[in-house]
Amino acid sequence: MNPERKGNGNEFNGLKGHRLDQIPVLHCRGTHRMVGYTVGRQFKSIIGDLISNWIFFNRILIPSYETPIGKEIYDKTLKLCSRKFPQYVDELEGIAEGSDQPFYKLFLLHLESIIASPAAEDVLWETKLNTGCTSLLCNMDEVLIGHTEDTCPEFLNNVFVVAAEILGEHGETLEKFTTLTYAGHLPGYTMGFNSAGLVYSINTLYPNRTYAEGTRKIQLTQNHGKKKFLK
(Lines give C-alpha, C1' and ligand atoms only; values in the text may rest on other atoms or scores of the structure.)
Protein backbone atom coordinates (compact mmCIF):
# COMPACT_ATOMS: atom_id res chain seq x y z
CA MET A 1 0.00 0.00 0.00
CA ASN A 2 1.41 3.35 -1.01
CA PRO A 3 1.06 6.47 1.13
CA GLU A 4 -1.58 8.90 -0.12
CA ARG A 5 -1.87 12.63 0.19
CA LYS A 6 -4.84 14.02 2.08
CA GLY A 7 -6.26 17.35 3.10
CA ASN A 8 -4.45 20.21 1.39
CA GLY A 9 -2.10 17.84 -0.40
CA ASN A 10 0.82 18.40 1.95
CA GLU A 11 -0.02 15.64 4.44
CA PHE A 12 0.45 11.88 4.13
CA ASN A 13 -1.59 9.10 5.68
CA GLY A 14 1.70 7.73 7.06
CA LEU A 15 3.93 4.72 6.44
CA LYS A 16 3.91 3.31 9.98
CA GLY A 17 2.73 -0.28 9.88
CA HIS A 18 3.39 -0.66 6.15
CA ARG A 19 6.13 -2.90 4.82
CA LEU A 20 8.91 -0.72 3.44
CA ASP A 21 10.46 -1.66 0.12
CA GLN A 22 14.08 -1.22 1.24
CA ILE A 23 16.41 -2.44 3.98
CA PRO A 24 19.18 -0.17 5.36
CA VAL A 25 22.76 -1.38 4.89
CA LEU A 26 25.62 -0.39 7.20
CA HIS A 27 29.30 -0.95 6.41
CA CYS A 28 31.49 -0.75 9.51
CA ARG A 29 34.97 -1.69 10.67
CA GLY A 30 36.58 -1.86 14.10
CA THR A 31 36.76 -3.86 17.30
CA HIS A 32 33.74 -5.80 18.52
CA ARG A 33 32.76 -2.96 20.82
CA MET A 34 33.31 -0.29 18.17
CA VAL A 35 31.24 -2.15 15.59
CA GLY A 36 28.51 -2.62 18.20
CA TYR A 37 28.58 1.07 19.07
CA THR A 38 28.40 2.02 15.39
CA VAL A 39 25.41 -0.27 14.82
CA GLY A 40 23.64 1.04 17.91
CA ARG A 41 24.24 4.68 17.05
CA GLN A 42 23.24 4.29 13.40
CA PHE A 43 20.03 2.37 14.15
CA LYS A 44 19.11 3.99 17.46
CA SER A 45 15.54 4.80 16.41
CA ILE A 46 14.88 1.33 14.97
CA ILE A 47 16.17 -0.36 18.13
CA GLY A 48 14.05 1.94 20.28
CA ASP A 49 10.98 1.19 18.18
CA LEU A 50 11.32 -2.56 18.71
CA ILE A 51 12.02 -2.21 22.44
CA SER A 52 8.98 0.03 22.90
CA ASN A 53 6.49 -1.91 20.80
CA TRP A 54 7.26 -5.64 21.12
CA ILE A 55 4.31 -6.87 23.18
CA PHE A 56 5.95 -10.12 24.33
CA PHE A 57 9.05 -8.24 25.49
CA ASN A 58 7.22 -5.61 27.52
CA ARG A 59 4.30 -7.59 28.91
CA ILE A 60 5.98 -10.94 29.56
CA LEU A 61 9.75 -10.89 29.31
CA ILE A 62 10.40 -7.75 31.39
CA PRO A 63 8.01 -8.80 34.22
CA SER A 64 9.56 -12.30 34.20
CA TYR A 65 13.02 -10.76 34.50
CA GLU A 66 11.92 -8.72 37.51
CA THR A 67 11.14 -11.86 39.54
CA PRO A 68 13.82 -13.44 41.76
CA ILE A 69 14.01 -16.51 39.51
CA GLY A 70 14.18 -14.36 36.40
CA LYS A 71 17.07 -12.30 37.73
CA GLU A 72 18.90 -15.45 38.79
CA ILE A 73 18.57 -16.89 35.27
CA TYR A 74 19.70 -13.57 33.78
CA ASP A 75 22.77 -13.32 36.03
CA LYS A 76 23.85 -16.92 35.44
CA THR A 77 23.42 -16.64 31.67
CA LEU A 78 25.32 -13.35 31.48
CA LYS A 79 28.13 -14.82 33.57
CA LEU A 80 28.33 -17.83 31.25
CA CYS A 81 28.35 -15.72 28.09
CA SER A 82 30.94 -13.35 29.56
CA ARG A 83 33.21 -16.32 30.22
CA LYS A 84 32.72 -18.17 26.92
CA PHE A 85 32.12 -15.26 24.50
CA PRO A 86 33.42 -12.04 26.09
CA GLN A 87 33.88 -10.43 22.68
CA TYR A 88 30.17 -10.70 21.91
CA VAL A 89 29.20 -9.31 25.30
CA ASP A 90 31.50 -6.37 24.52
CA GLU A 91 29.79 -5.95 21.16
CA LEU A 92 26.34 -5.94 22.76
CA GLU A 93 27.53 -3.40 25.33
CA GLY A 94 28.60 -1.26 22.38
CA ILE A 95 25.14 -1.55 20.81
CA ALA A 96 23.55 -0.55 24.12
CA GLU A 97 25.84 2.47 24.49
CA GLY A 98 25.35 3.61 20.89
CA SER A 99 21.56 3.27 21.01
CA ASP A 100 21.15 4.71 24.53
CA GLN A 101 19.37 1.56 25.66
CA PRO A 102 20.00 -0.22 28.99
CA PHE A 103 22.26 -3.22 28.44
CA TYR A 104 19.95 -5.55 30.37
CA LYS A 105 17.13 -4.93 27.89
CA LEU A 106 19.27 -5.85 24.90
CA PHE A 107 20.60 -8.94 26.66
CA LEU A 108 17.02 -9.95 27.47
CA LEU A 109 16.26 -9.88 23.74
CA HIS A 110 18.76 -12.71 23.39
CA LEU A 111 17.16 -14.74 26.18
CA GLU A 112 13.74 -14.57 24.56
CA SER A 113 11.47 -17.17 26.16
CA ILE A 114 14.12 -18.89 28.30
CA ILE A 115 13.50 -16.53 31.19
CA ALA A 116 9.68 -16.51 31.05
CA SER A 117 7.36 -18.94 32.81
CA PRO A 118 6.04 -21.95 30.81
CA ALA A 119 2.59 -20.38 30.64
CA ALA A 120 4.01 -17.11 29.37
CA GLU A 121 6.10 -18.94 26.79
CA ASP A 122 2.88 -20.23 25.23
CA VAL A 123 2.07 -16.68 24.12
CA LEU A 124 5.29 -16.46 22.13
CA TRP A 125 4.88 -20.03 20.94
CA GLU A 126 1.46 -19.26 19.44
CA THR A 127 3.03 -16.38 17.53
CA LYS A 128 5.88 -18.57 16.33
CA LEU A 129 3.47 -21.24 15.11
CA ASN A 130 1.95 -18.72 12.73
CA THR A 131 5.30 -17.49 11.44
CA GLY A 132 8.72 -19.11 11.38
CA CYS A 133 11.56 -19.03 8.86
CA THR A 134 12.08 -21.50 6.04
CA SER A 135 15.22 -22.40 4.08
CA LEU A 136 15.32 -24.15 0.71
CA LEU A 137 18.48 -25.65 -0.79
CA CYS A 138 18.95 -26.78 -4.39
CA ASN A 139 22.12 -28.89 -4.46
CA MET A 140 22.53 -29.54 -8.19
CA ASP A 141 25.00 -28.24 -10.77
CA GLU A 142 24.45 -24.76 -9.40
CA VAL A 143 23.88 -24.64 -5.66
CA LEU A 144 21.11 -22.24 -4.66
CA ILE A 145 19.84 -21.38 -1.19
CA GLY A 146 16.71 -19.43 -0.40
CA HIS A 147 15.49 -18.23 2.97
CA THR A 148 12.33 -16.53 4.23
CA GLU A 149 12.74 -14.34 7.31
CA ASP A 150 9.44 -14.68 9.18
CA THR A 151 9.23 -13.59 12.81
CA CYS A 152 7.00 -11.62 15.16
CA PRO A 153 5.04 -8.75 13.54
CA GLU A 154 6.80 -6.13 15.68
CA PHE A 155 10.00 -6.86 13.76
CA LEU A 156 8.45 -5.46 10.56
CA ASN A 157 10.84 -2.78 9.20
CA ASN A 158 13.01 -3.17 12.32
CA VAL A 159 15.77 -5.05 10.52
CA PHE A 160 18.90 -3.97 8.65
CA VAL A 161 21.99 -5.42 6.97
CA VAL A 162 25.38 -5.21 8.68
CA ALA A 163 28.54 -5.66 6.61
CA ALA A 164 31.29 -5.69 9.23
CA GLU A 165 35.01 -6.28 9.52
CA ILE A 166 36.00 -7.07 13.10
CA LEU A 167 39.54 -6.06 14.05
CA GLY A 168 41.80 -7.31 16.83
CA GLU A 169 43.96 -5.30 19.19
CA HIS A 170 46.71 -4.89 16.58
CA GLY A 171 44.45 -4.12 13.62
CA GLU A 172 44.31 -7.68 12.29
CA THR A 173 41.07 -8.94 10.76
CA LEU A 174 39.28 -11.41 13.04
CA GLU A 175 35.94 -11.66 11.27
CA LYS A 176 34.42 -10.29 8.08
CA PHE A 177 30.77 -10.95 7.35
CA THR A 178 27.49 -9.62 5.99
CA THR A 179 24.21 -10.52 7.65
CA LEU A 180 20.61 -9.45 8.05
CA THR A 181 20.24 -8.21 11.62
CA TYR A 182 17.32 -7.75 14.00
CA ALA A 183 17.22 -4.41 15.82
CA GLY A 184 18.93 -4.64 19.21
CA HIS A 185 20.37 -8.08 18.49
CA LEU A 186 23.89 -9.21 17.74
CA PRO A 187 24.48 -9.76 14.01
CA GLY A 188 24.31 -13.34 12.80
CA TYR A 189 20.96 -14.72 13.94
CA THR A 190 19.22 -14.74 10.54
CA MET A 191 21.11 -15.36 7.32
CA GLY A 192 24.37 -14.17 5.82
CA PHE A 193 27.83 -15.00 4.54
CA ASN A 194 31.44 -14.38 5.49
CA SER A 195 34.76 -13.74 3.74
CA ALA A 196 35.66 -17.44 3.88
CA GLY A 197 32.75 -18.21 1.56
CA LEU A 198 30.46 -19.74 4.19
CA VAL A 199 26.80 -19.00 3.41
CA TYR A 200 24.24 -19.84 6.08
CA SER A 201 20.66 -19.37 7.16
CA ILE A 202 19.13 -19.85 10.60
CA ASN A 203 15.92 -21.72 11.46
CA THR A 204 15.06 -21.94 15.15
CA LEU A 205 13.61 -24.98 16.89
CA TYR A 206 11.80 -24.46 20.19
CA PRO A 207 12.20 -27.52 22.47
CA ASN A 208 9.70 -28.28 25.20
CA ARG A 209 12.46 -28.32 27.81
CA THR A 210 15.19 -25.69 28.01
CA TYR A 211 18.07 -25.11 30.41
CA ALA A 212 18.68 -21.66 31.79
CA GLU A 213 22.42 -22.06 32.19
CA GLY A 214 23.13 -23.18 28.64
CA THR A 215 24.82 -21.20 25.87
CA ARG A 216 22.39 -18.93 24.08
CA LYS A 217 21.78 -19.64 20.39
CA ILE A 218 22.60 -16.08 19.38
CA GLN A 219 26.19 -16.46 20.63
CA LEU A 220 26.61 -19.63 18.58
CA THR A 221 25.16 -18.20 15.38
CA GLN A 222 27.10 -14.94 15.73
CA ASN A 223 30.27 -17.05 15.72
CA HIS A 224 29.66 -17.87 12.03
CA GLY A 225 31.42 -14.64 11.13
CA LYS A 226 34.83 -16.29 11.21
CA LYS A 227 34.13 -19.95 10.39
CA LYS A 228 35.33 -21.56 7.18
CA PHE A 229 33.11 -24.60 7.65
CA LEU A 230 30.73 -26.12 10.18
CA LYS A 231 31.52 -29.17 12.26
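Of all residues in the stretch 39-82, those satisfying the criterion of being within 17 Å of the chain's Cα centre (by Cα), over 17 Å from His110 (Cβ atoms) and not hydrophobic (A, V, I, L, M, F, W, C) are Arg41, Gln42, Lys44, Ser45, Gly48, Asp49, Ser52, Asn53.
Counting only strands (runs of 3 or more DSSP E) that sit wholly inside the stretch 110-225, those with at least 1 residues that are closer than 21 Å to Leu26 by Cβ, modelled with pLDDT of 85 or more and out of contact with any Leu (no Cβ under 6 Å at 6 or more places or on another chain) are 159-167, 173-182, 191-194, 199-201. Scanning the stretch 139-181 for residues that are buried (at least 17 other Cβ atoms within 10 Å of the Cβ) and acidic (Asp, Glu), we see that the one that is nearest to Asp49 (Cα to Cα) is Glu154. Within the stretch 75-91, being surrounded by 20 or more Cβ atoms within 10 Å (Cβ to Cβ) and over 16 Å from Gly36 (Cβ atoms) holds for one residue alone: Thr77. Beta carbons closer than 6 Å, at least 6 apart along the sequence or on distinct chains, pair a first residue in the stretch 37-61 that is part of a loop (DSSP other than H, G, I, E, B) with a second that is of a type in the set (A, V, I, L, M, F, W, C) and open to solvent by less than 40 Å² (accessible area, probe 1.4 Å) for Phe43/Phe160.
Residues in the stretch 62-74 that are open to solvent by 50 Å² or more (accessible area, probe 1.4 Å) and assigned to a helix (DSSP H, G or I): Pro63, Pro68, Ile69, Lys71, Glu72.
Which of the residues that make up the stretch 75-109 are among the polar types (S, T, N, Q) and assigned to a helix (DSSP H, G or I)?
To start, the set of residues in the stretch 75-109 that are among the polar types (S, T, N, Q) comprises 77, 82, 87, 99, 101.
Correct list: Thr77, Ser82, Gln87, Ser99.
Selection of the stretch 17-54 for residues being buried (at least 18 other Cβ atoms within 10 Å of the Cβ) and touching an Asp or Glu at 6+ places or on another chain (Cβ under 7 Å) yields His32, Arg33, Val35, Gly36, Tyr37, Gly40, Leu50, Trp54.
The values are calculated or read from the model by the stated rules, or taken from the named source; none is laboratory data. Fair warning: this is a prediction, and the values are worked out from it, not measured in the lab. Counting neighbours? That spans all protein chains shown, and the Cβs are built from the backbone with ideal geometry, glycine included. These accessible areas exclude ligands, DNA and RNA; they are computed on the full protein's heavy atoms, side chains included. Shrake-Rupley method; radii C 1.70, N 1.55, O 1.52, S 1.80 Å.
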